[in-house]
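Take a look at the structure below.
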Amino acid sequence: MTDSQPAIDVKDLDCGYDGRVLLQRINFSVGRGEVFFIIGGSGCGKSTLLRNMIGLRRPMHGEVSYFGRPFAEGDATARRELLKTFGVLFQSAALWTSLTLRENVALPLQEYTRLTAREIDDLVRLKLAQVGLTGYEDFFPAAISGGMKKRAGLARALALDPAIVFFDEPSAGLDPVTSREIDDLILQIRSTRGTTCVVVSHELDSIFRIGDRVIMLDKAEKGIIATGNPRELQRNSSDARVREFLRRDDEPCIGSAGGTALLD
Amino acid sequence: MPASPEVRSARADVREHGDSIVVELTGRWRIAEKRQEFEEVMRDRKPTRVALQMEGVEEWDSSLLLFANDAKRWAGGHGVQWDETLLPSDFRDMLAKMEPAAGSASGGESAPGRDLLTWVGLATHDLALRSRSMYTFVGECVLSAFRLSRQPHRFRWRDCLSEMQQCGAMALPIVSLISLLVGLIMAYQAAVQLRQFGADIYVADLVGLAVVREMGPMMAAVIMAGRTGAAFAATIGNMKAGEEIDALESLGILPIDFLVMPRLIALGIMMPLLAMYANMLGVIGGMLVAKTVLEIPPSAYWVEMQTIVDLSDIFTGLIKAVVFGLLIGFSGCLRGLQADRSAAGVGRAATSAVVTGILMVIVADAVFAVVFNILGL
């Protein structure tokens, strides 16, 4: 592994479901320590792309490599090695409901390390404290709020000190304050360990607040229609779809579209 | 409900201007209240042009839209010119939106017609896919068993123990009740027949053998399929819907090792114990009937039963019970992992787990009957 390699390199990736191609010939790379957003309208394949990148689906074609090492086409041991280097925060947090928060965070450590029970316990306390959940170690996921679940899911994703963390719509269903807290946590993770963060989102506030670079996917194009810094794209993109997506007006646009806007 | 005098109910009045008709709408048009049909309003009139006017309407909602849409359709159907210039423009916009879009998904193209051959072919293909997923699952379970036997520390002992408690100890009351009743029922049936020959005492042989070889393991298996198989499918299906399985996989943990094996082992261990317990209760049921109906003392019943039931009968029953347990656990976990990611999917998975479980148990029982017969057990 050389330092010049990008954290993630996606080459000629095709992905989709049941023989239906959603995205074609996707190429992009994510630099180390970047906060990288994958954005796009509903149904454009953001989550599918994410699932292909983290190995929950085999790509129909193409390769995903991490730090120069092949993942999608790699053999089982190589894949397992790479799985350790990234953490995933799922959209629904996906905490294991039959385990307490402590056990949730401890499980990856038990699975991949030979630490003693006490060391694991100390680490779990640290990870939960990092996301502000001190004192909730013995709660079950059903007993905590949505925002807390997200934070606990993040603590679990951070358990193995990953080099890359994936976030699937981290602020979906959260109030603005909580989603800002999640944004701050993302920045904090990046600054403490230089972790690369890949975020699937369409939360404009987050994109502009913490995003270093975005790619925008489009359903009709089946691919990437824009790459770059969100603010620059907002100002300078030649593509109307990109400007429209990134537009931030405080006024609703009912006037221009006439009365129909209300009914649509 | 009579309309109060100050709010007038919906009215449509016809005003004729030569060949054309203007329908004047007045009052309050509410979707929850009764409105006139346009056809009723028109009766037998045959104008060349029809228009609606809604200046007198006090209040309106979708009800008026439906009426106007009917009018438009009526005009189209009768070759009458439709004039909507008297209607406000936003109303006209909404009316236009009720028009079915040309070439939309709802009308026109339906699924291509399937003849019998296509249908049979698709069904066979589907069956092949399903059975393949079953074989794959069996294979994965076997591989996982080997893997875990080499690294026993990776096995989730704690989950296994809690599942054992769930499917074993917690099931004792229902297993007791059902086995006792099955023993009772069999003894009654046997008593009616055997009494005719004065062979009352052979109730003990009949009930003893049937319970130990067949009914004990079978009833325990049916109860487990309904109770535990469904629970496995629902739990795992729910975990799948909540991305919990994805979270495991993204950590490189195989759901087979983590979720399926502890449950399979738990059922494999508890089933023979439950079957043994069911045997005991079944025999007690037989004894109760013998004592109360046939007046055979329990000690005589017991001695008579021992003349026919030997250890090999008990063992065949227990071997079956282990296999039944594995089959039920297997179908529960398989259906759970195959579940759709939705609430309805979880429900279907639970139902399907019970059906598959009972089916596999009965088929396995038939196979056992043949095999034991050949082996002379």
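Structure summary
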{"read-out": "Test set (1) within 12 Å of chain B (Cβ to nearest Cβ); (2) in contact with a helix residue (DSSP H, G or I) (Cβ under 8 Å, 6 or more places away or on another chain); (3) modelled with pLDDT under 90 - residue A:113 fails condition number", "value": "(1)"}
{"read-out": "Condition broken by residue A:79, with the remaining ones in (1) buried (at least 17 other Cβ atoms within 10 Å of the Cβ); (2) in contact with a Phe, Trp or Tyr (Cβ under 7 Å, 6 or more places away or on another chain) satisfied", "value": "(1)"}
{"read-out": "Lone qualifier among B:324, B:258, B:330 - being within 21 Å of residue B:149 (Cα to Cα), more than 14 Å from chain A (Cβ to nearest Cβ) and either of a type in the set (Phe, Trp, Tyr) or out of contact with any Lys or Arg (no Cβ under 8 Å at 6 or more places or on another chain) (or both)", "value": "B:330"}
{"read-out": "One residue from A:88, A:21 being aliphatic (A, V, I, L, M), closer than 24 Å to residue A:161 by Cα, touching a strand residue (DSSP E or B) at 6+ places or on another chain (Cβ under 8 Å) and touching a residue at least 12 places away in the same chain (Cβ under 8 Å)", "value": "A:88"}
{"read-out": "Residue list for segment A:75-105, filter: more than 12 Å from chain B (Cβ to nearest Cβ) and either at pLDDT 90 or above or under 22 Å from the mean Cα position of the chain (by Cα) (or both)", "value": "A:100, A:101, A:102"}
{"read-out": "Those residues of segment B:48-90 which are in a helix (DSSP H, G or I), in contact with a Leu (Cβ under 8 Å, 6 or more places away or on another chain) and crowded, with 17+ Cβ neighbours inside 10 Å, in sequence order", "value": "B:64, B:65, B:67, B:68, B:71, B:72"}
{"read-out": "Selected residue (only one of B:257, B:340 is in the same structural domain as residue B:240 (by TED's automatic domain parsing) and either without any contact (Cβ under 8 Å) to a residue 12 or more places away in the chain or outside any helix (DSSP H, G or I) (or both))", "value": "B:340"}
{"read-out": "Top-ranked residue in segment B:131-155 [being among the basic types (Lys, Arg) and modelled with pLDDT of 90 or more; ranked as farthest from residue B:339 (Cα to Cα)]", "value": "B:150"}
{"read-out": "Residue tally, condition more than 10 Å from chain A (Cβ to nearest Cβ), more than 9 Å from residue B:52 (Cα to Cα) and not basic (Lys, Arg), over segment B:83-95", "value": "3"}
{"read-out": "Residue match in segment A:60-73 (condition: surrounded by fewer than 16 Cβ atoms within 10 Å (Cβ to Cβ) and free of Cβ contacts under 8 Å to residues at least 12 places away in the same chain)", "value": "yes"}
{"read-out": "Wholly enclosed strands (runs of 3 or more DSSP E) of segment A:126-223 bearing at least 2 residues farther than 21 Å from residue A:245 by Cα", "value": "A:164-168, A:196-200"}
{"read-out": "Test: residue in segment A:27-48 that is within 20 Å of residue B:341 (Cα to Cα) and within 14 Å of another protein chain (Cβ to nearest Cβ)", "value": "yes"}
{"read-out": "Hey, residue A:119 without any contact (Cβ under 8 Å) to a residue 24 or more places away in the chain, more than 10 Å from chain B (Cβ to nearest Cβ) and part of a helix (DSSP H, G or I) or not", "value": "yes"}
{"read-out": "Any hit, segment A:201-222, residues being touching a residue at least 40 places away in the same chain (Cβ under 8 Å), among the aliphatic types (A, V, I, L, M) and under 28 Å from residue A:110 (Cβ atoms)", "value": "no"}
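Per-residue answers, yes or no, for (1) surrounded by fewer than 21 Cβ atoms within 10 Å (Cβ to Cβ); (2) within 12 Å of another protein chain (Cβ to nearest Cβ); (3) over 25 Å from the mean Cα position of the chain (by Cα):
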{"site": "B:233", "(1), (2), (3)": "no, no, no"}
{"site": "B:236", "(1), (2), (3)": "no, yes, no"}
{"site": "B:244", "(1), (2), (3)": "no, yes, no"}
{"site": "B:265", "(1), (2), (3)": "no, no, yes"}
{"site": "B:271", "(1), (2), (3)": "no, no, no"}
{"site": "B:274", "(1), (2), (3)": "no, no, yes"}
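The values are calculated or read from the model by the stated rules, or taken from the named source; none is laboratory data. These numbers were taken from a predicted model, which means no experiment stands behind them. Virtual Cβ from ideal backbone geometry, glycine too; neighbours counted across all protein chains shown.
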